[in-house]
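The block underneath contains the structure these notes are about, expressed in structure tokens.
The values are calculated or read from the model by the stated rules, or taken from the named source; none is laboratory data. In this text the structure is predicted, and so the values were computed from the model without any measurement. Virtual Cβ from ideal backbone geometry, glycine too; neighbours counted across all protein chains shown. Surface areas here come from the heavy atoms of the whole protein model, side chains and all, with no ligands, DNA or RNA. Shrake-Rupley method; radii C 1.70, N 1.55, O 1.52, S 1.80 Å.
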Amino acid sequence: DVKVTQSSRYLVKRTGEKVFLECVQDMDHENMFWYRQDPGLGLRLIYFSYDVKMKEKGDIPEGYSVSREKKERFSLILESASTNQTSMYLCASTRDRGGTEAFFGQGTRLTVV
Amino acid sequence: KNEVEQSPQNLTAQEGEFITINCSYSVGISALHWLQQHPGGGIVSLFMLSSGKKKHGRLIATINIQEKHSSLHITASHPRDSAVYICAVETSGSRLTFGEGTQLTVNP
């Protein structure tokens, strides 16, 4: 069974902390994505990667960075967490660049206090 | 105006009813995805369409490329179908743009 695994289901962090959200996929997929989901706004793309060491900004990259040192792992970094980054974060992967099924992780609910 | 609009936002049905959720989009797409999200957050892919119609069990998805419209139908709905259903369009390189979702509640 294919899997995208996010390291935490729930996280509580303090304002100003550096936060790492980890995502691992076991399907040898090329493409990985980080989204955040907020009520009334739906899912929005933060960053994505089409290959190891490659990253592209999505629609809302401000306040975030990413790292993809290995094909299977895509990390989202909040350099200095703020309360407006309290959200549900979802990682996804796809095999090809277009027209293939997206596989999602279970989500990380991050609260910044 | 959002690029992807879903309707209705909320839908309550009785068990056994036929359900339709609609999705309209305003951009050129390479594919359209229907996703299901249960409480707790995990998202599951139901369908990916680029034309015509697909069926899986009691779920049917259709797309009309010319009209930029897709529908998700659930036949003989069941309480376990209660979830948020999300339409997402793929524009380039697997990038997805999402609708806000439809909260479906099926009562026994």
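List of remarks:
- Fraction of accessible area attributable to carbon and sulfur, the stretch A:55-101 (%, probe 1.4 Å): 42
- Convex hull projection area averaged over all views, the protein assembly as shown, Cα basis, nm²: 11.9
- For the segment A:30-42, counting C-beta atoms of other chains within 10 Å of every residue's C-beta and taking the mean gives 3.
- 18 Å cut-off, amide nitrogen to a point 7 angstrom out along B:His69 Cα→Cβ, residues in the stretch B:12-30: B:19-29
- Total accessible surface hidden between A and B, rounded to 100 Å², 1.4 Å probe: 1700
- Alpha-carbon Rg/Rh ratio, for the stretch B:1-46, with Rh computed the Kirkwood way: 1.00
- Relative compactness, chain A, computed as alpha-carbon Rg over 2.2 N^0.38 Å: 0.99
- Chain A, accessible area per residue, ligands and nucleic acids excluded (1.4 Å, Å²): 48
- B:Glu17 long-range amide H proximity, modeled H, under 5 Å: B:Ser77
- The mean number of partner chain beta-carbon atoms within 10 angstrom of a residue's beta-carbon across peptide A:95-107 is 5.
- Sites A:Arg73 and B:Ser50, calculated FRET efficiency, Cβ-Cβ separation with R0 41 Å, nearest 0.05: 0.85
- Heavy atoms of A:Phe48 accessible to a 1.4 Å probe, total area in Å² rounded to 10: 10
- Carbon-plus-sulfur accessible fraction, chain B (probe radius 1.4 Å, protein heavy atoms only): 49%.
- The residues of the stretch B:24-45 listed by number as losing at least 20 Å² of accessible area in the complex, against the isolated chain and with a 1.4 Å probe, are B:His33, B:Gln37, B:Gly40, B:Gly41, B:Gly42, B:Ile43, B:Ser45.
- Accessible surface area normalised per residue over chain B is 46 Å², counting heavy atoms of protein chains with a 1.4 Å rolling probe.
- Cα Rg over Rh - chain B, Kirkwood: 0.95
- Karplus (6.51, -1.76, 1.60) ³J(HN,Hα), θ = phi - 60°, over the stretch B:54-69, in Hz, Gly and Pro reported as x: 9, 9, 9, x, 8, 9, 10, 10, 10, 9, 10, 5, 5, 8, 6, 8
- Note on chain A: Lys pairs 8 or more places apart or on different chains, Cα atoms under 22 Å apart, count 14.
- In the stretch B:82-108, comparing the full protein assembly with the chain on its own, the residues that lose 20 Å² or more of accessible surface at a 1.4 Å probe are B:Glu90, B:Gly93, B:Ser94, B:Arg95, B:Leu96, B:Phe98, B:Glu100.
- Within the stretch B:1-83, trypsin sites (Lys or Arg not before Pro) in DSSP loop having at most 11 other beta-carbon neighbours inside 10 Å: B:Lys1
- Amide H to amide H distances under 5 Å link B:Ala31 with B:Glu90, where only residues 5 or more positions off or on other chains count and H is placed in the peptide plane.
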